[in-house]
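Since the structure comes first, as structure tokens, the remarks are kept for the end.
The values are calculated or read from the model by the stated rules, or taken from the named source; none is laboratory data. No experiment lies behind these values; they were computed from the predicted model shown. No Cβ is skipped: glycine too gets one built from the backbone with ideal geometry, and neighbour counts run over all protein chains shown.
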Amino acid sequence: MDFETVIGLEIHAQLLTETKLFCGCRSRFGDPANTNGCPVCLGLPGALPVLNRRAVAMAIRMGCAIGCTVAGRSLFARKNYFYPDLPKGYQISQYDAPLCGKGELPIVVDNTVKTVGVTGIHLEEDAGKLIHDRAPESLFDVNRCGTPLIEIVSEPDLRSPAEAYAFLIGIKAILEYIEICDCIMEEGSLRCDANISLRSRGEKKLGAKTEIKNMNSFRGVEKALEYEARRQEEVLRNGGKIHQETFLWDRSANRSIPMRSKEDAHDYRYFPEPDLPPLTVNPEEVAALRKTLPELPAQRRQRFIEQMGLQENAAEVLTSSRKLADFFEATLATYHDARQVANWIVVDILRIINDLKITIDQLEITPGHLGALLKLIDNGTISARSARKIVDLMQERDQDPETIIKAEKMQQVSDSGALENIVQSVLAKNPVEVERFKAGDGKLISFFVGQAMKATMGSGNPKEINALLSKMLR
Amino acid sequence: MPFPFSTIDEGVQQIRSGATTCRATVEQSIETINAGDGLIHAFISVDAGRAIERAAELDALSQAEKARMPLLGMPVAVKDNICTRGQRTTCASKMLEHFVPPYDATVVESLHNAGAVIVGKTNMDEFAMGSSNETSYFGGTRNPRDVTRTPGGSSGGSAAAVAAGFVAAALGSDTGGSIRQPCGHCGVVGLTPTYGMVSRYGLVAFASSLDQIGPIVSNVRDAGRMLSVISGADARDATCAGKPFTATDDIYKNDIAGLRIGLPREYFGGGLSDEVRRPIEKLTERLRDRGAVLLEVSLPTLRYAIAAYYIMCTAEASSNLARYDGVRYGFRSPQRSLPELYRETRRQGFGAEVKRRIMLGTYVLSHGYYDAYYLKAAKVRTLIRNDFNDAFGSCDLIMSPVAPTCAFKIGEKSDDPLQMYLTDIYTVSASLAGIPGLSVPCGAAGVLPVGVQFMAPQWREDVLLKAGYAVECLGGG
């Protein structure tokens, strides 16, 4: 039997507001524990929530960016459950009348565009943080209590872990483009839960689903879903049944751990939040917010392909992050060849970012320095090969390419006199190869070039070396 | 009234003129409390030192500053579910026995700014859940008119404090009758404002969509003055409408000629005791003599009001009281595991009535029951509101008894929650509709006062006070 995977995602994004969703406390990651709290977010008796309209505006902008309908009137609801990180014993969220209704997001997987439905977006407050490093006691940090979140819910339109990954990356890109979330999964400013089920291909009805939580990296989501799809397929192939269950993803062990079954599922007893009147948004407000939207990833990708002649893959990678695309365009302002710049960013800049596990903000290399480096290749000062080394040093030392070239004496040796001596000694050291070459083994030319490059420690101009070799071996 | 004045206005004038001082007035209040509250138990806490200190501060103010303070030097009591900074706020519960709020409720700030002096926090039913003050963790309150009876509740302490002459005025809170019913039983004036007229910030929530703070005073004029102090906009309460009340002289002209007063026939049916019926019927005659137009109206949804009310309020209470979990503040039963901590803290920290309502509220919100209970009750609430709107099409205000009986004996109903709930029958409808209600003494059965309730359309407190003032001028029974 052939199975089809069905996935839906719930993405929580922490909004970059100055203050919390229902009080005036500062909303910022990394402040000392318990420095941002007040009667409201601590849930003291008698304290009342007052809605932060800036968070509403951010949520509406996200809705506009993915084509959601924006409700003129939406409701807050209380989600009731006991947990020590939830001071009021309920979370103020939205339930059956959310701020944004249906929308959609196109994703690209294997060079094919697919449109994924979005069920809606709602606003809610985050819980606090528990710190368990002093067992058997747990400590409580109020700072995160009441920070604003939006929850973006996809339709069960995703058909593979790769599609789920593409959707998540697509949402992340838009959140970054419209600057409402910093999207750092490792810090929890972006979180993703997934629902996954299998059904035999052609079947219309959805199979029993499981939920996976706690995947704190983008690739982790894909990996967890691959794992769960395999697990479900194995169960089904062995004639078993899938039970509605929630799993926690264990990143270090690369497996999911059962958290709770349907029987233990919470009854959240949702009901309309009586402390907050219905949230009304007029069409003029939505139109004004729509106007504040910048160029979005899909439009930018099109522009990079059509106007700059980039290949689809490069355009996709570059526009997946606003900052990366900005870096690309900033470099392009100092250097003319778009494809060259794209290539250097996609290959080398991303390699540095991945190797050092840094964000683009922590990059020491500036667009201006990268442009300068590319010019130095063009005018023959350095070889492309040494440029790779220089770009690493630019990051390491936070210096411009000229300074590094000077310090490392990496200036390309194009001086024929110096190169002639080197080539001569290479030929002298390899008489057997010279004989074979002369006997007709033309491929050995690259061997000689390689030896000569090695002798110049990579700084020889390969073009010049080639020319000298052909002359001297004639 | 032990004070040498009969209205707040008179008292404030005496202080401004120098005939007496804030300090002397407050000291007199405290002496009366010390002498009488051992028996009445209207207060959970009295902070004499702080009150006298505050009074002295007020005395030191300039004449210009004093002139701006409509409650200058007035000793007031505040129900113990209204937060006072640095002063214990217990909600008459073991759960908050030692809770000291780090902030003032907005109404408390307003009282301070108006020159009032808070002398203490009044006794109440635990978390305002009850109609007799008998569910207080600190022991009940006695009715000053007959100490074998309850003062009603849940603002029984505030009503008793005013009735006993301990203070010039008090604040209560009303969810389904908790201001109006004890005022009726104690023979004082109580006003439940339109929902949204007074900020709830700092009022410990029982049922958020119904709770409203209001004044408890000895006369109608004082109700108007207190309301003008505590009403108005508050950026900290999203349900506060920002419509301040301003008393006009027109209200206190004792002229009700042409005022159309509706008598809902459903409110005068079975269940209404003769001791209450007689004074009210007599009152209708006297109001008609004064030129009011009395007409019969119908509020057919009354029969569903108690059921709808107890579903709505318990649902909200079950959520509002979830925060008392022993984790951050309040009573905590030391336990090893988290589930045990929750269970034991709440089992030991809450009284029986509070637990009953949390259980009921949790049940009506549960999956599979929500539509049958909560949603149905919400629909009934809309019908009740429509009923009132229809009735107000033909009359300016509606008049009814406050409660079916006079104050009942201590212990008489405390073992029968349903009987206790039924004492709210005439008051819950206005709460569900969010309209204002005024309770005014209109007679007595022996020593026991009987109260009449007026209900008006939203924001028409002026009409309520006008009618109440006319009743007051008739001189009771």
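Quick notes
- With respect to the conditions (1) more than 10 Å from every other protein chain (Cβ to nearest Cβ); (2) crowded, with 20+ Cβ neighbours inside 10 Å; (3) within 25 Å of B:Asp325 (Cβ to Cβ), A:Gly46 falls short on a single one, namely (1).
- Looking only at residues in the range A:91-105 that are over 22 Å from A:Arg144 (Cα atoms) and within 28 Å of the chain's Cα centre (by Cα), the one that is surrounded by the most Cβ atoms within 10 Å (Cβ to Cβ) is A:Cys100.
- Residue that is nearest to B:Glu31 (Cα to Cα) [pool: residues in the range B:119-160 that are crowded, with 24+ Cβ neighbours inside 10 Å and among the hydrophobic types (A, V, I, L, M, F, W, C)]: B:Val119
- Hits in the range B:352-361 - residues which are more than 10 Å from chain A (Cβ to nearest Cβ) and buried (at least 20 other Cβ atoms within 10 Å of the Cβ): B:Val354, B:Arg357, B:Ile358
- Residue within the range B:240-248 that is of a type outside the set (A, V, I, L, M) and either in a helix (DSSP H, G or I) or touching a Lys or Arg at 6+ places or on another chain (Cβ under 6 Å) (or both) present: no
- Flag for B:Arg180 being surrounded by fewer than 24 Cβ atoms within 10 Å (Cβ to Cβ) and at pLDDT 95 or above: no
- Matching strands (runs of 3 or more DSSP E) fully within the range B:150-237 where at least 2 residues are closer than 19 Å to B:Gly140 by Cα: B:169-174
- Selection of the range B:281-318 for residues being in a helix (DSSP H, G or I) and acidic (Asp, Glu) yields B:Glu281, B:Glu285, B:Asp289, B:Glu316.
- Within the range B:284-331, the set of residues being basic (Lys, Arg) and in contact with a strand residue (DSSP E or B) (Cβ under 8 Å, 6 or more places away or on another chain) comprises B:Arg288, B:Arg328.
- Qualifying residues in the range B:256-279 (those that are in contact with a helix residue (DSSP H, G or I) (Cβ under 8 Å, 6 or more places away or on another chain) and in a loop (DSSP other than H, G, I, E, B)) - the one farthest from B:Cys395 (Cα to Cα): B:Gly271
- Once the range A:63-90 is narrowed to residues that are more than 8 Å from every other protein chain (Cβ to nearest Cβ) and of a type in the set (S, T, N, Q), the residue that is surrounded by the most Cβ atoms within 10 Å (Cβ to Cβ) is A:Ser74.
- Check on A:Ile60, within 24 Å of A:Ala166 (Cβ to Cβ) and either facing another protein chain (nearest Cβ under 10 Å) or touching a residue at least 12 places away in the same chain (Cβ under 8 Å) (or both): no
- Consider the range B:319-331 and keep the residues that are among the aromatic types (Phe, Trp, Tyr) and either at the interface with chain A (Cβ under 9 Å from one of its Cβ atoms) or assigned to a helix (DSSP H, G or I) (or both). The one that is nearest to B:Tyr342 (Cα to Cα) is B:Tyr324.
- Test result for A:Ile107, modelled with pLDDT of 95 or more and in the same structural domain as A:Asn34 (by TED's automatic domain parsing): no
- Residue in the range A:299-308 that is nearest to A:Pro49 (Cα to Cα), counting only those that are of a type outside the set (D, E, K, R) and surrounded by fewer than 20 Cβ atoms within 10 Å (Cβ to Cβ): A:Gln299
- For the range B:388-402, the criterion of being assigned to a helix (DSSP H, G or I) and aliphatic (A, V, I, L, M) is satisfied by at least one residue.
- The lone exception for A:Gly146 - which of (1) part of a loop (DSSP other than H, G, I, E, B); (2) at pLDDT 95 or above; (3) more than 14 Å from chain B (Cβ to nearest Cβ); (4) over 21 Å from the mean Cα position of the chain (by Cα) it fails: (3)
- Residue satisfying all of: in the range B:289-318; among the hydroxyl-bearing types (Ser, Thr, Tyr) and closer than 25 Å to A:Ala77 by Cβ; farthest from the other protein chains (Cβ to nearest Cβ) among these: B:Tyr304
- If you go through the range B:332-348 and keep only what is more than 13 Å from chain A (Cβ to nearest Cβ) and small (Gly, Ala, Ser), you end up with just B:Ser333.
- For beta carbons closer than 6 Å, sequence separation of 6+ or different chains, a first residue in the range A:112-139 that is within 14 Å of another protein chain (Cβ to nearest Cβ) and assigned to a strand (DSSP E or B) and a second that is surrounded by fewer than 24 Cβ atoms within 10 Å (Cβ to Cβ) and charged (D, E, K, R), the qualifying pairs are A:Lys129/A:Asp141; A:Lys129/A:Arg144; A:Leu130/A:Asp85.
- Residues that are of a type outside the set (Val, Ile, Thr) and farther than 30 Å from A:Ser459 by Cα number at least 1 in the following helices (runs of 4 or more DSSP H) confined to the range A:267-385: A:283-291, A:297-308, A:312-319, A:322-332.
- Candidates A:Thr292, A:Thr334, A:Thr280: the one that is buried (at least 16 other Cβ atoms within 10 Å of the Cβ), of a type in the set (S, T, N, Q) and on the phi < 0 side of the Ramachandran plot is A:Thr334.
- All of A:Ile465, A:Ile365, A:Ile377 fail the test of being closer than 19 Å to A:Val341 by Cβ and in contact (Cβ under 8 Å) with a residue 24 or more places away in the chain, apart from A:Ile365.
- Subset of the range B:327-353 [at pLDDT 95 or above and in contact with a Leu (Cβ under 6 Å, 6 or more places away or on another chain)]: B:Gly330
- Conditions (1) modelled with pLDDT of 95 or more; (2) more than 25 Å from the chain's Cα centre (by Cα): number failed by A:Ser383: (1)
- Residue satisfying all of: in the range A:181-198; more than 19 Å from A:Gly128 (Cα to Cα) and in contact with a Lys or Arg (Cβ under 7 Å, 6 or more places away or on another chain); surrounded by the most Cβ atoms within 10 Å (Cβ to Cβ) among these: A:Ile196
- Looking across B:Ser6, B:Ser17, one residue alone is within 30 Å of B:Cys473 (Cα to Cα) and free of Cβ contacts under 8 Å to residues at least 24 places away in the same chain. It is B:Ser17.
- Yes/no for B:Leu227 being under 19 Å from B:Leu397 (Cβ atoms), of a type in the set (A, V, I, L, M) and either buried (at least 24 other Cβ atoms within 10 Å of the Cβ) or modelled with pLDDT of 95 or more (or both): yes
- Residue count for the range A:62-86, restricted to those that are under 19 Å from A:Asn52 (Cα atoms) and in a loop (DSSP other than H, G, I, E, B): 4.
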